[in-house]
Amino acid sequence: MSVFSDIEKFYKAYKGNKKIIGKSILGRPIYAMQSGKGCPLGIVQGAIHAREWITSYLILEQIRLGVDCGSAWFIPLANPDGALLSTCGIQTVKGEWRRRLLLNANDCSDDFSLWKANANAVDLNVNFDACWGTGTCNVKFPASANYVGVAPFSEPESRALRDFTLEVCPQYTISYHTMGEEIYWQFCQPFFRCMRDKKYACTLSHLTGYPLKSAEGSVGGYKDWCIQTLKIPAFTIEVGNGTHPLGKKDLEDILNKNVCTVREFSACWRRG
Ligand SMILES: [Zn+2]
């Protein structure tokens, strides 16, 4: 079983509202499932970075737990090709020229366990149109991490997230990453939105026990785009501790600290 087949099996058995929001470079579906009804409506996504696939399993457990005050759309695996490449290797990729591209981007190593990008060697979390290409760690060539792509939204996975988010019009978004046990919530908001967003960030900090952090020079992410374009509160929650890639052995600790977060955050939002 792979992380992709686990998500696919869960999606097929899921009885609630659900949708395929787009397809990856290699044609794999990107699944979304809704839990709960009414406001606030959030979007929660995970594993946009390939090696952070453990966040997919966190999101599956959050869907199982459900949301009862308000609702949320959950996208457990935003980068299916990358997660399969990271967990099962280059044999999950069809086509000789693409395999060569990915091996070259991975410094000719067939160990993809630390891979972050998609099957075009683009880092999806720097491919969004939010000060695109100006980040301090950005690179302009195919790589296992930090390649911004040829243009904002050049990748089908980032376009799928963008289009679905515009369709849903969420009131907040949460992006799950590993690792470091910290929360990012800023992207040059004007003062009044900064105050509003910090209040919700503090709620998330209280729920998880994770401190709030700021990331200087980090741009082009899904959270950044949500803050800049949709003008809504958006958060990156970095779960887990240790060394990349985190795996199933780390899941129990991650679940203990995070499984109730979306359910409780939604209830806190309703209380105002
Ligand atoms: Zn990440």
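Since every read-out is calculated from the coordinates, none of them should be taken as a lab result. The model shown is predicted, which means the values in this text are computed figures rather than measured ones. Heads up, the Cβs are rebuilt from the backbone with ideal geometry, glycines too, and the neighbour counts pull from every protein chain shown.
For the reader, a short list of remarks on this structure follows.
- Thr229 versus Lys9: modelled label distance in nm, points set 7 Å from Cα along the beta carbon direction: 3.5 nm
- Paramagnetic reach from Asn104 in segment 138-178 [backbone N under 18 Å; point 7 Å along Cα→Cβ]: 139-151
- Debye log10 I(q)/I(0) for the chain, one point scatterer per Cα, at q = 0.16 Å⁻¹: -1.24
- The calculated pair-distance distribution of segment 173-254 uses every alpha carbon pair, bins of 5 angstrom beginning at 0, and gives 3, 15, 26, 23, 17, 9, 5, 2, 0 percent.
- Inter-part distance, segment 1-42 to segment 217-272, computed on C-alpha centroids, equals 18 Å.
- Estimated vicinal HN-Hα couplings, Hz - segment 124-139 in sequence order (Karplus 6.51, -1.76, 1.60; Gly, Pro = x): 4, 8, 10, 9, 8, 7, 8, 6, 3, x, 10, x, 5, 9, 4, 10
- Size of electric dipole in segment 3-271: Cβ of Lys, Arg +1 and of Asp, Glu -1, about Cα centre, debye, nearest 20: 820 debye
- Sequence-distant residues sharing a close amide H with Val239 (under 5 Å, placed H): His177, Thr178, Glu181
- Projecting the Cα atoms of Asn125, Ser109, Ser71 onto the dipole axis of segment 61-134, where Lys and Arg carry +1 and Asp and Glu carry -1 at the beta carbon, places Ser109 farthest toward the positive end.
- Max mean-square fluctuation residue, GNM over the chain, Cα-Cα springs under 10 Å, options Ala234, Ala105, Ala215: Ala215
- Integer Hz, Karplus 6.51/-1.76/1.60 couplings in order for segment 29-35, x for Gly and Pro: x, 10, 9, 10, 9, 9, 10
- For Val44, residues with placed amide H under 5 Å, excluding near neighbours: Trp73, Phe74, Ile75, Ile174
- Helix axis angle, 261-271 relative to the chain longest principal axis, alpha carbon, degrees: 30 degrees
- Sequence-distant contacts, meaning Cα pairs under 8 Å at least 6 residues apart, place the relative contact order of the chain at 22 percent.
- Cross-link pairs beyond the 21 Å C-alpha cut-off, checked among Lys94/Lys223; Lys116/Lys223; Lys23/Lys94; Lys116/Lys248; Lys199/Lys231; Lys231/Lys257: Lys94/Lys223; Lys231/Lys257
- Computed lengthening from Asp68 to Leu166, 0.36 nm per intervening residue step minus Cα-Cα distance: 32.9 nm
- A simple packing score, the average count of other Cβ atoms within 10 Å per residue, orders the peptides 40-48, 195-203 as 40-48, 195-203, with the highest score first.
- The 3J(HN,Hα) values that the Karplus relation (6.51, -1.76, 1.60; θ = phi - 60°) gives for segment 2-17 are, in residue order, 10, 4, 5, 5, 4, 5, 4, 4, 4, 4, 5, 7, 5, 8, x, 4 Hz. Gly and Pro appear as x.
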